[in-house]
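Read the structure below first, then the notes.
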Amino acid sequence: MDSPSRPQALTSADAAALASRHGLRKLGARPRLGQYSASIWRRRDFTWELARSDAYGKNQGSYLGQLWGVLKPLLQVGVFYVVFGIIITEASRGVEDFLSYLVIGTFLFEFIASGLNNGGRAIASKVKLVRALEFPRAVLPISVTLTEMIMMWPALAIMVVIVLVKGHTPTWSWLTLIPAVALVYLFVLGCGFFLARVVSATPDLGNLVPILTQLARYVAGVFFPLELLAAGFGLLGQIAIYEPFAVYLRLARSAILAEVTASPLDWWLGVGYALTAAAAGYVFFWRAEARYGRD
């Protein structure tokens, strides 16, 4: 009588096929891009709560608390106005309302700088969360940028009040500030994805991000019209006029200040920069999904 045959052990290929049929995947493996995006959407409430709690928690250890979100850019405006509006008067040449010009540039660039600086630390600042829970890591750069956006709205309200006090009358063009800010958000988010992966892999590079954003502040036209730079630096000056930061500041200023005009090219560039940065940064970040939080 033949003895019953023993079941044979599964090969690696058979085990992988069995796991695939039952919807299992390797721990820490990178999912497909579509699945990854769907997973982020399912966790949108978690992303929002994370951003909201971070926004509330910032500056809570100081006496003035959340007021620092408005006071910081206001103090910067004061310093910049003294330096570039009073001491170096050439900077305000050709600008009828230099204070409003400076306020819009300073407040908007503060969001850009904070988004880039904190976006680079999105993984490092939440490494315990990354190691403890399973969720798409792209949630972290998204929540960081949302946090900065939440903190920017009171500053934008103060910005509008200052412009009104300076005598500017609201027009329909003021509504174009909304899409301009939306484009800035997408661009900063895309850069945040890129920086989060790079800094996660090489933490020392995180120390360079604030230095680079400070350099960008001086070539973005925050303090003076870039046409002055273009006149002195030829082709390089012309290129500076159409770099992303300069374009977004021009779009925001043109929405409120009649003396600043944004061309159709500025809007096309703004859309192109935002969509390219968001898409490329997202894919770049996703490709390293399996490595975040691992020693």
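A few remarks follow.
- Some residue of the range 193-203 being within 26 Å of T261 (Cα to Cα) and surrounded by fewer than 17 Cβ atoms within 10 Å (Cβ to Cβ): no
- Some residue of the range 267-276 being in contact (Cβ under 8 Å) with a residue 12 or more places away in the chain, buried (at least 20 other Cβ atoms within 10 Å of the Cβ) and of a type outside the set (G, A, S): yes
- Qualifying residue in the range 218-238 (condition: hydrophobic (A, V, I, L, M, F, W, C) and modelled with pLDDT of 90 or more): no
- Residue in the range 191-202 that is under 30 Å from I123 (Cβ atoms) and over 17 Å from the mean Cα position of the chain (by Cα) present: yes
- For the range 130-153, residues that are free of Cβ contacts under 8 Å to residues at least 40 places away in the same chain and aromatic (F, W, Y) total 1.
- Selection of the range 250-266 for residues being among the β-branched types (V, I, T) and surrounded by fewer than 22 Cβ atoms within 10 Å (Cβ to Cβ) yields V260, T261.
- For the range 111-126, a residue qualifies if it is touching a Leu at 6+ places or on another chain (Cβ under 6 Å) and more than 16 Å from F284 (Cα to Cα), and exactly one does: K126.
- Residue check, L251 of a type in the set (A, V, I, L, M, F, W, C), farther than 30 Å from P136 by Cα and modelled with pLDDT under 90: no
- Residues of the range 110-152 that turn out to be over 13 Å from the mean Cα position of the chain (by Cα), polar (S, T, N, Q) and crowded, with 20+ Cβ neighbours inside 10 Å, as a count: 0
- Unmet criterion (only one of (1) farther than 30 Å from E289 by Cα; (2) touching a helix residue (DSSP H, G or I) at 6+ places or on another chain (Cβ under 9 Å)) for L116: (1)
- Tallying residues that are in a helix (DSSP H, G or I) and touching a helix residue (DSSP H, G or I) at 6+ places or on another chain (Cβ under 7 Å) within the range 132-159 yields 19.
- Positions within the range 153-180 being buried (at least 20 other Cβ atoms within 10 Å of the Cβ) and under 15 Å from the mean Cα position of the chain (by Cα), in sequence order: A180
The values are calculated or read from the model by the stated rules, or taken from the named source; none is laboratory data. Keep in mind that what you see is a predicted model, and the values were worked out from it rather than measured. All Cβ positions, even for glycine, are placed from backbone atoms using ideal geometry, and neighbour counts span all protein chains on display.
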